Amino acid sequence: MKKLFILLGAVTLLSACTPEVGSEDWCNQLKEKSKGDWTANEATEFAKSCIIRFGTDSDK
């Protein structure tokens, strides 16, 4: 039981460090990631959030 609480605490702490999908920080983080490692959902959300909303170019 103690191990379960430790694991849940670790997961909570690690997930708090991830920017919200679609945020400007998330867009910048995804730009640094190799495009070959993007998922289909990431690519779709990047197009909607980062290119259309923020007006950034994916080649930068």
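Things to note:
- Trp38, Trp26, reordered so the largest accessible area comes first (probe 1.4 Å): Trp38, Trp26
- Most to least accessible of Lys31, Lys3, Lys48 (protein chains only, probe 1.4 Å): Lys3, Lys48, Lys31
- Chain lengthening between Ile6 and Ser34 when straightened (0.36 nm per residue, less Cα-Cα): 6.9 nm
The values are calculated or read from the model by the stated rules, or taken from the named source; none is laboratory data. The model shown is predicted, which means the values in this text are computed figures rather than measured ones. Surface accessibility is based on the protein's heavy atoms, side chains included, excluding ligands, DNA and RNA. Shrake-Rupley method; radii C 1.70, N 1.55, O 1.52, S 1.80 Å.
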